[in-house]
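Let me begin by presenting the structure, written as structure tokens, before commenting on it.
Any read-out appearing in this document is the output of simple, stated calculations on the displayed coordinates, not a laboratory observation. Just so we're clear, the structure is a prediction, and the values are computed from it rather than from any experiment. Don't worry about glycine lacking a Cβ; one is built from the backbone with ideal geometry, like all the others, and counts go over all protein chains shown.
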Amino acid sequence: MSQQNEQRYAELKQLLSTYSYEYHVLDAPSVSDAIYDSLMTELKAIEAARPELITPDSPTQRVGNELKGGFQKIEHRQRMLSLNDVFDVADVEAWVKRMDKALPGAKHEFFADIKMDGLACALIYEDGLLTQAVTRGDSFVGEDVTNNVRTIQNVPLRLREDNDVHVFLKGRTEIRGEIVMLKKDFEALNEKQKAAGKPTFANPRNLAAGTIRQLDPKLVAERPLTFIAYDLIRDIPEEIPTNMMAYESLTKLGIRRNMQASVFDTLEGVMRFVHEWDVKRHDLPFNTDGLVIKVNDRRLFAQLGVVGKQPRAAVAYKYAAEQATTIVKDIVISIGRTGAATPVAVFDPVQVAGTTVQHASLHNADEIARKDIRIGDTVVIFKAGDIIPQVESVVKELRPKDTERFDYEQALASQYPELAFERQGDDVVYRVKGSSSDLILKRSVEYYASKGALDIDTLGEKNVVALVDAGLVRDIADIYTLTVDDLLKLDRFAEISAKKLVSAIQAKKNPPLEKFILGLGIRHVGTQTAIDLANRFQSIEALASATLEDLETVEGIGKVVAESILAWFADEDNAELLKKFEELGVKPRFEEKTGALNGVSFVITGTLETMSRDEAAEKIRALGGTFQSSVAKDTTYLVAGGKVGSSKLAKAKAYGTEVIDEPALRRLLNE
């Protein structure tokens with residue numbers, strides 16, 4: 001591990017310790033659980049690679065921190081254990097296999113329930129009377145918050161009598177659950193805060209935790225907290241044979257619990273429950289980030305035991321995080337169809353809301369400056385509307401010391417030396433100087449329809465100008481919306497010419513994938529690169545989701561080209577354009593080219609007598625061959641025509657490339 005990575009490990013350890021102190025001691029976390037979990041995952045990965053770096057003060061080696069004063073410390077009779085996290089069906093299957101290995105032959109019945117996002121607390125009842133309430137604390141020792149919990153309206157001061165559960169009304173009964181603030185109560189409280197001109201609260205979980213830690217029970221009583229139970233514990237375990245029986249008993253004792261809890265005989269049933277609540281969880285009255293899945297039989301649960309800090313017989317299924325952290329590797333600028341220069345952050349791939357994210361629009365120079373985003377920064381990523389990735393903020397504590405503020409104008413000059421840019425008036429966007437958006441659009445449509453790209457007959461320069469000027473075409477995809485009636489309104493078209501153009505456009509709704517990629521006009525993507533991309537990814541969807549590393553594995557594509565492709569697909573306008581193509585029924589098709597020239601590559605120098613260079617390239621590619629612009633080590637043939645370039649001949653000699661003439665090329669083409 002490099003010194004730089006060792007330094008990051010030390011920085012991560014320190015920062016996570018700070019976050020843990022804020023969360024467990026101050027009840028005032030400065031970041032969300034998703035951000036903490038993302039940084040913790042990175043720390044765990046480093047420790048897995050270099051276990052000798054692990055120290056007793058690592059956040060991975062302890063559950064909580066020292067508790068602040070004010071409440072009496074109480075030791076739990078049974079630890080309030082945490083659970084291992086799982087994230088998909090493969091993780092759940094692996095968990096079951098581990099249990100099968102530990103207890104061969106045991107039949108599993110699964111119990112599943114919604115995981116609540118609140119403050120864990122244990123209520124102690126003696127002979128049915130509430131005597132104590134203790135927070136989770138560090139899992140061994142919590143704090144006595146009895147006076148505050150007594151103010152929670154749905155916590156019974158005496159358990160309800162019921163003949164089916166009379167045994168729990170004698171002796172010690174412990175009920176564990178979460179203290180939460182329901183969404184409706186949180187919203188109502190914030191409305192009162194606004195009306196009183198007071199600051200609003202950030203989220204229900206932090207407010208619930210902070211409230212229960214208040215020293216004045218009167219203040220607690222003013223806030224609408226709710227207790228929802230998830231476990232029932234007795235000194236004699238046999239009194240509660242299953243987790244489901246515990247839940248049913250809670251209801252009879254007058255304790256609120258989740259009515260969604262269910263029992264399943266198979267993993268398939270569990271996963272259906274998981275997927276059902278992934279969709280419906282936002283309708284729940286409280287916040288949640290997942291489910292708890294347990295072995296229903298509590299005897300088996302006890303036999304499976306505990307490994308470290310987690311029981312073998314239970315896991316927490318976490319739904320996809322809506323936030324994560326990653327490192328900005330570069331900032332590239334994409335030129336959109338209107339000439340607007342849009343900055344795009346390229347970063348290490350990271351999972352956010354169930355998908356892999358590797359780039360995000362930074363919108364404009366002002367946004368970069370406001371958030372002070374720099375290459376090398378660790379940033380917080382989220383998905384706006386669970387769709388578009390965005391950079392929320394910078395974790396400045398992890399910023400490398402040698403980073404510099406991003407100079408937008410310098411980046412424009414470096415990435416586009418052939419273009420000039422300007423920013424007019426109050427416009428926050430830099431645009432290509434001297435080119436109107438209509439001019440750029442016309443060039444884009446012309447290029448899309450050109451012979452090298454989709455080759456749309458009669459959609460030449462003059463017709464494109466007429467269509468754009470008339471407002472019939474506002475982006476490339478709009479050509480597929482044109483009707484004969486639309487065209488007949490223009491002076492340039494009569495019935496026959498209008499039908500011919502519409503027919504020619506509709507005939508190109510299923511273009512070859514490489515032609516479609518080329519027609520999009522992605523910077524640095526020429527004919528051969530488009531072919532190579534089509535052969536590698538075989539669909540526009542796969543190309544759009546390709547990582548930087550995926551792109552760099554394509555022969556001839558380096559960092560600059562790969563980042564240009566990433567930037568194009570990260571541009572929100574381009575994403576909308578692709579969506580529009582799909583809605584209009586444009587479906588590029590991939591056809592694997594096979595033929596006599598598979599694996600054979602050609603370069604042509606000089607002029608050919610019987611065909612143009614473009615025609616020769618098309619014929620070579622049709623037979624599965626590769627057409628290159630310059631001689632390289634992997635070039636098979638250099639075709640020498642008239643007025644041969646001496647530099648290419650010299651390269652061919654140096655690389656041992658065979659030089660052939662035009663008749664030899666035609667024989668290879670079977671002409």
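Computed from label points 7 Å out along Cα-Cβ, the spacing between Glu238 and Asp407 is 8.0 nm. With each label modelled as a point 7 angstrom along the Cα→C-beta vector, the Val644-Ser497 pair spans 4.8 nm. Once both axes come from the Cα atoms, what is the angle between helix 267-280 and the longest principal axis of the chain, in degrees from 0 to 90, rounded to 10? The two axes meet at around 80 degrees.
For segment 73-318, a crude dipole built from +1 on the beta carbon of Lys and Arg and -1 on the beta carbon of Asp and Glu, taken about the Cα centre, is about 520 debye to the nearest 20. Taking Cβ atoms as reference points and 15 Å as the exclusive limit, the residues near Glu191 contribute a net charge of +3, counting Lys and Arg as +1 and Asp and Glu as -1.
Along the axis of the charge dipole computed for the chain (Cβ charges of +1 for Lys and Arg, -1 for Asp and Glu, origin at the Cα centre), the listed residues Leu551, Gly308, Gly452 are led at the positive end by Gly308. In degrees from 0 to 90, rounded to the nearest 10, what is the angle of the helix 613-622 Cα long axis to the longest principal axis of the chain? So the inclination is approximately 50 degrees.
Here His524 and Asp457 are evaluated by their C-beta separation; at R0 = 35 Å the FRET efficiency comes out at 0.80. Projecting the Cα atoms of Ala345, Pro389, Phe110 onto the charge dipole of the chain (Cβ charges, centred on the Cα centre) puts Phe110 farthest toward the positive pole. Going by alpha carbons, how many degrees (0 to 90, nearest 10) lie between the helix axis of 243-252 and the longest principal axis of the chain? Helix 243-252 sits at roughly 60 degrees to that axis.
Please rank Thr251, Thr356, fewest neighbouring Cβ atoms within 10 Å first, as an exposure proxy. Mind showing how you got there, number by number?
Values: Thr251 15, Thr356 11.
Ranking Thr251, Thr356 by Cβ neighbours within 10 Å, fewest first, gives Thr356, Thr251.
Fully extended, how many nm does the chain gain between Lys101 and Lys489 (0.36 nm per residue separation, minus their Cα-Cα distance)?
The span from Lys101 to Lys489 would gain 132.1 nm if fully extended.
Between Ala45 and Phe87, the contour length at 0.36 nm per residue exceeds the Cα-Cα span by 13.5 nm. Mean projection of the Cα convex hull over all viewing directions, computed for segment 209-339: 16.0 nm².
When only DSSP loop residues count, what trypsin sites (Lys or Arg not before Pro) in segment 598-671 have their Cβ near at most 11 other Cβ atoms within 10 Å? Let's see the in-between values first.
On the way: sites: Arg613, Lys619, Arg621, Lys633, Lys643, Lys648, Lys651, Lys653, Arg666, Arg667; in loops: Lys633, Lys643.
Counting only loop positions with at most 11 other Cβ atoms within 10 Å, the trypsin sites (Lys or Arg not before Pro) in segment 598-671 are Lys633, Lys643.
All other residues whose Cβ lies under 10 angstrom from that of Ile175 are scored, Lys and Arg at +1 and Asp and Glu at -1, for a net of 0. Between the entries [x] 23; [y] 19; [z] 36, the label attached to percent of Cα pairs over 48 Å apart calculated for this structure is [z]. Taking a straight Cα-Cα cut-off under 19 Å and skipping sequence neighbours fewer than 8 places away in the same chain, the lysines within cross-link reach of Lys499 are Lys462, Lys489, Lys508, Lys509. The label-point distance for Asp469 and Ala664, in a model that sets each label 7 Å from Cα toward Cβ, rounds to 5.2 nm. Summed over qualifying helices (DSSP H, 4 residues or more, each -39500 (n - 2.57)) and divided by its residue number, the chain shows a 222 nm mean residue ellipticity of -11000 deg cm²/dmol.
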